[in-house]
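The values are calculated or read from the model by the stated rules, or taken from the named source; none is laboratory data. Note that the coordinates shown come from a computational prediction; the quantities given were computed from them, not determined experimentally. All Cβ positions, even for glycine, are placed from backbone atoms using ideal geometry, and neighbour counts span all protein chains on display. Please note that ligands, DNA and RNA were not included when accessible areas were found on the heavy atoms of the full protein model with its side chains. Shrake-Rupley method; radii C 1.70, N 1.55, O 1.52, S 1.80 Å.
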Amino acid sequence: METVKEEITITAQITRFVREDILNLVPYMPSNEPCKIKLDANESPYDVPLEIKERIWKRLMDEHFNYYYDPTCDEVRENLSKYTGAKFDQIFVGSGGDEVIYDIIMAFAGPGRDVIIPFPTFSSYEIFSTIAGSNVIKVPLLKKQEKGKCFWDIPIDDIKKHFTKDKPQLMFLCHPNNPTGDYFDDDKLEDLIRDFNGIVAIDEAYFEFGGKTFADSISKYPNIIVIRTFSKIFSLAGLRVGYAIGHEDAIAQLFKVKMPYNVSLFSQIAAVEMLRQTDWLKKVQQEFIKERERLQNGLEKIDGVTVYPSSANFFLCELKKPKDMVYEELLKKGILTRRFGDDVLKDCLRFCIGTPEQNDLLLASLKEIMSSK
C-alpha cells in the first residue's frame, strides 16, 4: 500500500513540471496487437524484393559505419530531382514524413502562431503543433451525400474565417486526406492557397496512388510546401525517409531547424536504390490500383458498410454495427484494422489495402461479422 502511495506522490511531483498543453496531449500510439494481417497503418503489404535488398547491402558493405553520413542527403536529393522534376535546391529530406512535418512547424509556426487544420486528418499535425506551442485551429470537414455516394468536403468559408492578414499562419492540407481517403476539390484548395497569409503544407504521402499533385504549382504559389514519403509505395516504412518539395527560399528554412545528421546511412542508400527501381514501383502501383477497385466493389456489397471514396491505399468505412465490436471480431480472425477516438469517426474503421489474399480474407470476415445476429 505504501509503495502505491509513493508512486502516486512521485507522479504528482513529476506532472507539476510538465507544460499544461503537453500534460493534456494524447500521444500518437499505434496498436501493437498481435495479428496475422496488418491493415492498420497504411503500410505496403509488399516487402522490398530480395535482389534490391542485396544491392542495398552491397553498397552498405563499402561504407564506413564509424563516420557520420551526408547531413544534407545530397544523393537522395539528386535522385528525387529526377523522380519529381523539382530542382535539387527545392528538395529537403527528413527522417520520415513526420520529421518533415515537424520541421515545417518549427520553421513557420511555433509559439503564438496559428496552425489551421481541417479535420479529421493526420493526427501528427495537431500533436507537433501543440508541442511547438502553436495555437491549433481545427475546422471540421463536411460530410456530404450526392447521387447516393457519401464523401467528405472541405469548408473553405469556415476555414477563411480564421485567416489573418496581420500575422503569418500555417495551414495543413492532406491531399488525398487521411483518414477520409479522397482528394478535395482542386479549385477550392487553390482558393484557400491564394488567400492565405502563410505557408500551406500539402501532405501528399499517398501521391503515387492517386497521381494528383501541387508540386508543379510551386512557381505559381511559392508559399506551398509539398510533403511526401518513402513509407507507402516505396515499402520503406521501417527505414523512415520523407521529403519536402518547395520554393528554394522555403526549403532553406527547413535546413535551419532540422536535427543534424537526421537521416541514417542505411536509409539514404536504401532510398536511392528504391528510386532506381522504376519497373518494380510501377508494378506495385498497378497492383494497388487494381486491388483498390476490387476491394471497393467488395465492400460496397456488404450490408451495413458505407465506403467512402479513396484515392489512397486505404478505405474509410462507416459501419451500422458498433465499430469496437467489429474491430475486435476482425482481430479474433487475425486482421488488425484502425479505429479512431474522434467523435466524427465514432462509427468508422479504416482498412489498408493488402495483398489479394489478404483482401479476400478481409471481405469474407467483414461480410460474416456484419451479417451475424
Against the conditions (1) in a strand (DSSP E or B); (2) hydroxyl-bearing (Ser, Thr, Tyr); (3) touching an Asp or Glu at 6+ places or on another chain (Cβ under 8 Å), where does residue 213 fall short? Just the number, please.
(1)
Quick test of your reading of the structure: residue 165 fulfils all but one of (1) farther than 23 Å from residue 128 by Cα; (2) in a loop (DSSP other than H, G, I, E, B); (3) open to solvent by less than 50 Å² (accessible area, probe 1.4 Å). Name the failing condition by number.
(3)
Could you tell me which numbered condition residue 79 fails, if it satisfies all but one of (1) within 24 Å of residue 172 (Cβ to Cβ); (2) in a helix (DSSP H, G or I); (3) touching a Lys or Arg at 6+ places or on another chain (Cβ under 8 Å)?
(1)
Hey, can you tell me all the residues within the stretch 334-373 that are acidic (Asp, Glu) and either more than 15 Å from residue 320 (Cβ to Cβ) or over 23 Å from the mean Cα position of the chain (by Cα) (or both)?
342, 343, 357, 360, 368
Could you figure out which of (1) in contact (Cβ under 8 Å) with a residue 40 or more places away in the chain; (2) crowded, with 18+ Cβ neighbours inside 10 Å; (3) within 18 Å of the chain's Cα centre (by Cα) isn't true of residue 254?
(3)
Which number in (1) modelled with pLDDT of 95 or more; (2) not in a strand (DSSP E or B) marks the one condition that residue 110 misses?
(1)
Return yes or no: is residue 183 modelled with pLDDT of 95 or more, open to solvent by 10 Å² or more (accessible area, probe 1.4 Å) and either touching a helix residue (DSSP H, G or I) at 6+ places or on another chain (Cβ under 6 Å) or in a strand (DSSP E or B) (or both)?
no
Residue 218 out of contact with any Ser or Thr (no Cβ under 9 Å at 6 or more places or on another chain), farther than 24 Å from residue 44 by Cα and surrounded by 24 or more Cβ atoms within 10 Å (Cβ to Cβ)
no
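Within the stretch 266-281, can one find any residue that is free of Cβ contacts under 8 Å to residues at least 60 places away in the same chain and at negative phi?
Yes, some residue in the stretch 266-281 is free of Cβ contacts under 8 Å to residues at least 60 places away in the same chain and at negative phi.
Filter the stretch 197-231 down to residues that are among the hydrophobic types (A, V, I, L, M, F, W, C) and more than 29 Å from residue 165 (Cβ to Cβ) and give me whichever is farthest from the chain's Cα centre (by Cα). Lay out the reasoning, then the answer.
Filtering the stretch 197-231 down to residues among the hydrophobic types (A, V, I, L, M, F, W, C) leaves 199-202, 205, 207, 209, 214-215, 218, 224-227, 230.
Of the ones still in play, those that are also more than 29 Å from residue 165 (Cβ to Cβ) are 205, 207, 209, 230.
Numbers: 205: 5, 207: 11, 209: 13, 230: 11 Å.
By that ranking, first place goes to 209.
Just checking, which of 69, 28, 46 is among the hydroxyl-bearing types (Ser, Thr, Tyr) and under 12 Å from residue 269 (Cα atoms)?
Details: 28 fails: under 12 Å from residue 269 (Cα atoms); 46 fails: under 12 Å from residue 269 (Cα atoms).
One residue alone meets the criteria, 69.
Tally the residues that are free of Cβ contacts under 8 Å to residues at least 60 places away in the same chain and out of contact with any Leu (no Cβ under 7 Å at 6 or more places or on another chain), restricting the search to the stretch 144-159. Please lay out each step first, then the result.
Just the residues of the stretch 144-159 that are free of Cβ contacts under 8 Å to residues at least 60 places away in the same chain, to begin with: 144-148, 153-159.
Within this subset, residues satisfying the condition of being out of contact with any Leu (no Cβ under 7 Å at 6 or more places or on another chain) are 144-148, 157-158.
Number of matching residues: 7.
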Name the residues in the stretch 39-55 that are among the β-branched types (Val, Ile, Thr) and not in a loop (DSSP other than H, G, I, E, B), would you?
52
When you go through 117, 104 one by one, which is the residue that is outside any strand (DSSP E or B) and open to solvent by less than 10 Å² (accessible area, probe 1.4 Å)?
104
Kindly provide the set of residues from the stretch 216-236 that are over 11 Å from residue 175 (Cβ atoms) and not in a loop (DSSP other than H, G, I, E, B), ordered by number.
216, 217, 225, 229
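If we only count helices (runs of 4 or more DSSP H) wholly inside the stretch 261-373, which ones have 2 or more residues that are surrounded by fewer than 16 Cβ atoms within 10 Å (Cβ to Cβ)?
278-300, 323-332, 356-371
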Within the stretch 130-148, does at least one residue satisfy the condition of being farther than 20 Å from residue 223 by Cα, open to solvent by 30 Å² or more (accessible area, probe 1.4 Å) and hydrophobic (A, V, I, L, M, F, W, C)?
yes
